[in-house]
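All remarks here apply to the structure that follows.
Read-outs throughout are calculated quantities, based only on the coordinates presented, and are distinct from any laboratory measurement. Predicted model only: the values in this text are computed from it and were never measured. Note: ideal-geometry Cβ built from the backbone for every residue, glycine included; neighbour counts use all protein chains shown.
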Amino acid sequence: MTAPRIDTDLGKIEQNTRILVDRLARVGIRVTGVTKAVLGSPGVAAAMLRGGACGLGDSRVPNLARLSAPLRTLIRTPMLSQAGRVVDVADVSLNTGPTVLAALDHAASRTGRAHGVVLMIELGDLREGIAPDDAPEAVRAVLGHPWLRLAGLGANLACQNGVVPDDRNMGVLSALVEHVEARHGISLDVVSGGNSANLSWALSTGHVGRVDELRLGEAILLGVDPLHRTPIPGLHTDASTVVAEVIEVAVKPARPWGDRAQAAFGDAPARTGTGPVHQAILALGRQDVDPDGLRPPEGVTVLGTSSDHLVVDLGDHLVEVGDEMGFGVGYGAFLRAMTSPFVRKVEHPGRPAQGSRARTSSGSGPPGSITTTASSKPASA
Ligand SMILES: *Cc1c(COP(=O)(O)O)cnc(C)c1O
């Protein structure tokens, strides 16, 4: 198999989706599967839909264009220059401003299909969103456009400033929904409370209020809660693995020598060991992954990364040139691998969700693995 690659188990994606869909259904919340981190992969999207997601969301028009779903939502404010494309590939988009709304209305009039709008409300994280006081005027603007349909209200927290969803900020959204519905005599299809960071609130509060939908990416794909990057009980945290090939193995002295300045990416991490290091180089670098989110196999330590090299201390592992090493991934490493043209994306069907249960995770997720090509075995053997 070619390396580097990112292996994704679609059965695990489906199972993660189903578990979250079932848990949230008990509190009256639907799940939109967010595919932006997998560039709108149709395979991953289909796994999310099999797992019970009611629709798909993506932040980018080209990704949405790859997808088919009962309901496709553009989850980033449309670019003014793309309004025409947006009404073609999305049934609904998340919006905040009158200029884009007018352009969407105009574009939708040409297609003869009304375009759905979710107005995003600012609840404190200071990214996209209309101040709650200005929401009534924005609602009137949408209702005044003949080719726009007010699908609902929404919010997004935790992405820009790490503001945590709670009863207070979610309560503001619910109250606004009640106000808008009463004022205009309408009923909204969707109250989109937020992203994966809303999960622990939604599943622990007794007061979800009017929130009836969440847009979930990271929780489904990686099985972690982004607020503290902790594993979500019952979910797979190893649905995707980055695999790289060993290109050099050597025993190296503990410390570098010579006068020292900056390394390729700033100050090099201190090498603290005293004895010789059993070192390997993998053909994997910052052009392929974000090293911060990489989890090496147990007993292996990452010593450093540059554009094209990942240097590890192998510890007791016996590894040879040509062997493959698998790494667990955090969101940053995952996203970089998915967007790198050098990393092959490989999807495996995996096992279907029916009748099987996800293994309960512990710690910060499972480490990677080592696949040997030939004669290597653990050094202790
Ligand atoms: C990325 C994004 C999501 C999904 O976020 P996750 O943390 O991956 O669940 C939801 N909504 C918006 C607006 C986003 O940009």
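Most fluctuating residue of T274, T17, T371 in a GNM of the chain with Cα springs under 10 Å: which is it?
T274
Taking amide H atoms as placed 1.01 Å from N in the peptide plane, list the residues 5 or more away in sequence, or in a different chain, whose amide H sits under 5 Å from that of T230.
Amide H neighbours of T230: D225.
For the chain, what is the number of Lys pairs with C-alpha distance below 22 angstrom, counting only pairs 8 or more positions apart or on separate chains?
The result is 4.
Once every DSSP H run of n ≥ 4 in the chain is given -39500 (n - 2.57) and the sum is divided by its residues, what mean residue ellipticity at 222 nm do you get, rounded to the nearest 500 deg cm²/dmol?
So the helix-based figure for the chain works out to -7500 deg cm²/dmol.
Once Rh for the chain is found with the Kirkwood sum over Cα pairs, what is the Stokes-Einstein diffusion coefficient at 20 °C and 1.002 mPa s, in µm²/s?
95
Could the peptides 66-78, 97-109 be put in order, highest first, of the mean number of other beta-carbon atoms found within 10 Å of their residues?
Going from most to least packed, we get 66-78, 97-109.
If you add up the charges near R60, with Lys and Arg at +1 and Asp and Glu at -1, over every other residue whose beta carbon is less than 13 angstrom from its beta carbon, what do you get?
+4
For a protection proxy built on the mean count of beta-carbon atoms within 10 angstrom, sort 49-59, 297-307 highest first, please.
Details: 49-59: 22.9, 297-307: 16.2.
So the peptides 49-59, 297-307, ranked by packing, come out 49-59, 297-307.
For region 123-229, run through the GluC sites (Glu not before Pro) and keep only the ones in DSSP coil with at most 12 other Cβ atoms within 10 Å of their Cβ.
Of the GluC sites (Glu not before Pro), not one in the loops of region 123-229 has a Cβ with at most 12 other Cβ atoms within 10 Å.
Please report, in whole Å, how far the alpha carbons of region 130-236 spread along each principal axis, starting with the longest.
So the extents along the principal axes, rounded to whole Å, are 45, 27, 24.
Report the net charge of residues surrounding R50, where surrounding means a beta-carbon distance below 14 angstrom and charges are Lys +1, Arg +1, Asp -1, Glu -1.
-1
Ranked from highest to lowest mean number of other Cβ atoms within 10 Å per residue, what is the order of the peptides 186-199, 150-163, 246-259? Intermediate values should be presented prior to the final figure.
Working: 186-199: 22.1, 150-163: 20.4, 246-259: 11.6.
By packing density, highest mean first, the sequence is 186-199, 150-163, 246-259.
Residues in region 63-80, backbone N under 17 Å from the label point at H106 (7 Å along the Cα-to-beta-carbon vector): list them, ranges by number please.
78-80
With Cβ to Cβ distances under 15 Å as the rule, what net charge do the other residues near R271 carry (K, R +1; D, E -1)?
Taking every Cβ under 15 Å from that of R271, the sum is +1.
What is the antiparallel percent of DSSP beta bridges lying wholly in the chain, to the nearest 5? Can you show the working numbers first?
Values: 31 of 63 bridges.
Given both bridge residues lie in the chain, the antiparallel proportion sits at roughly 50 percent.
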